[in-house]
Every structure is written in C-alpha cells, then in structure tokens.
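Novice: Would you mind keeping the following structure in view while I ask a few things?
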Amino acid sequence: MCGIIGVTGKEPASRILLDGLKSLEYRGYDSAGIAVQKDEGLVVLRRAGKLVELESVVGELEPFGSTGIGHTRWATHGSPTESNAHPHLNGNDRVAVIHNGIIENHEELRREMEAAGCAFRSQTDTEVLAHMIGKGIEAGADLAESVRAAARRLDG
C-alpha cells in the first residue's frame, strides 16, 4: 500500500518528508520520491527500492525548500523503477503529482495528452494527471480549476 505526505512551513521540507515516509514504511512499497518547491522551481528526487536509497540522494542534494510532497509506491502500472516512482511531472516540470489508486481510463487520457504534444517519461497511470493539470494551467485556468477539471475526467 502506498503512502503520501505533504508539508508546507518554514523548515526544510525534505527532512520532514523523509521522516513522514519512514513512519509509513510498514505499509510496504517498492519505490519512493519527493518533490520540493524552491525559488528556482521544483526539485524532484526519486528512487526504486527502499527509502534508504532516496535518503542517500536527498543527503547529497538536500533541497532546502519548505513546501513539498512525498510518496512511497507499490507498483500497479509499470515496474518498480526510478522513472515510474512518484512524483510525476508535466512537460515543463512545473506541476508535480502523487496519487494512490488506479486510473482506469488512463490509456485513453494518455493518448489524448500525447496527441496534444505531451511526452511521457513513465509507464504509470498517474503521469496523465500531471499533464492534464499542466495543460489546464497553460490554457489559463488556475491550479485549483485545473485539478478539478482533470479529476472530473478520471474513472477509478
């Protein structure tokens, strides 16, 4: 079973996210990742395997933003690889998405997003959400509107 954590505050988010994911380790997982918002944009770190793999790269690169999301994944769509680990990004790396569950109509949505020029980097169903939300923002909607519009299109 997957685990999700989010944080916004004044302290470095990466340590808080890792600690939160550690508390969810009992659920089982095959990959993990975090996205931290910094002034320069999103920093996304993902690794296949146990959380210790992610911890080692976070220690090397320590993103110091104070807002972020974290996820532990149990593979349903796509094998347990770094590219399939969450968070997933849209094409310009400005939207990061994590998700638990299965998007039953992901293949149809993926074809639609590919026809709209989106290049996919994973085999997951979740990545379609990042592209759908990103396309909504590009079309002029705000983040909340884009999330709601994407969610209305999901089956599962």
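Novice: Mind checking which residues of region 138-151 are assigned to a helix (DSSP H, G or I) and of a type outside the set (Val, Ile, Thr)?
Specialist: Matches in region 138-151: Glu138, Leu143, Ala144, Glu145, Ser146, Arg148, Ala149, Ala150, Ala151.
Novice: Something else about it: Sort out which residues of region 42-53 are under 14 Å from Leu89 (Cβ atoms) and open to solvent by less than 30 Å² (accessible area, probe 1.4 Å), and write them in order of number.
Specialist: Leu45
Novice: Separate question: Pairs under 9 Å by beta carbon, first residue free of Cβ contacts under 8 Å to residues at least 24 places away in the same chain in region 132-156, partner among the polar types (S, T, N, Q) and exposed (fewer than 11 other Cβ atoms within 10 Å of the Cβ), six or more apart or different chains?
Specialist: Within 9 Å, the pairs are Glu138/Asn92.
Novice: Just the residues that are under 24 Å from Thr76 (Cβ atoms) and open to solvent by 50 Å² or more (accessible area, probe 1.4 Å), please, taken from region 18-41.
Specialist: Lys22, Ser23, Glu25, Tyr26, Arg27
Novice: If you go through region 140-153, how many residues are more than 17 Å from the chain's Cα centre (by Cα) and among the hydrophobic types (A, V, I, L, M, F, W, C)?
Specialist: 2
Novice: Hey, does region 34-47 have a residue that's farther than 18 Å from Ala96 by Cα and in a loop (DSSP other than H, G, I, E, B)?
Specialist: Checked region 34-47: no residue is farther than 18 Å from Ala96 by Cα and in a loop (DSSP other than H, G, I, E, B).
Novice: Do the conditions hold for Glu104, that is, is it among the charged types (D, E, K, R), assigned to a loop (DSSP other than H, G, I, E, B), over 24 Å from Glu25 (Cα atoms) and in contact (Cβ under 8 Å) with a residue 24 or more places away in the chain?
Specialist: yes
Novice: Say we look at region 130-153 and pick out the residues that are over 13 Å from Asn92 (Cα atoms) and in contact with a Leu (Cβ under 8 Å, 6 or more places away or on another chain); which of these is most open to solvent (accessible area, probe 1.4 Å)?
Specialist: Here the residue is Arg153.
Novice: Consider Ser66 carefully, then state whether it is open to solvent by less than 60 Å² (accessible area, probe 1.4 Å) and out of contact with any helix residue (DSSP H, G or I) (no Cβ under 7 Å at 6 or more places or on another chain).
Specialist: In short, no.
Novice: What number goes with the only condition from (1) part of a loop (DSSP other than H, G, I, E, B); (2) closer than 23 Å to Leu17 by Cα that Leu154 does not pass?
Specialist: With (1) part of a loop (DSSP other than H, G, I, E, B); (2) closer than 23 Å to Leu17 by Cα applied to Leu154, the lone miss is (2).
Novice: Within region 108-137, which residues are part of a helix (DSSP H, G or I) and of a type in the set (D, E, K, R)?
Specialist: Glu108, Arg110, Arg111, Glu112, Glu114, Glu127, Lys135
Novice: Hey, another quick one. When you look at Ser56, is it free of Cβ contacts under 8 Å to residues at least 12 places away in the same chain, within 21 Å of Glu25 (Cα to Cα) and surrounded by fewer than 20 Cβ atoms within 10 Å (Cβ to Cβ), yes or no?
Specialist: yes
Novice: Determine, yes or no, whether Ile4 is part of a strand (DSSP E or B), modelled with pLDDT of 90 or more, under 21 Å from Gly156 (Cα atoms) and open to solvent by 30 Å² or more (accessible area, probe 1.4 Å).
Specialist: Yes; evaluated as a whole, the condition is true for this residue.
Novice: Condition check: over 28 Å from Arg153 (Cβ atoms) and in a loop (DSSP other than H, G, I, E, B). Does Gly65 satisfy that?
Specialist: yes
The values are calculated or read from the model by the stated rules, or taken from the named source; none is laboratory data. This one's a predicted model, so the numbers in the text were calculated from it and none came from an experiment. In this analysis, Cβ positions are derived from the backbone assuming ideal geometry, glycine residues included, and neighbour counts consider all displayed protein chains. Remember, those area values only see protein heavy atoms, side chains included, never the ligands or the DNA or RNA. Shrake-Rupley method; radii C 1.70, N 1.55, O 1.52, S 1.80 Å.
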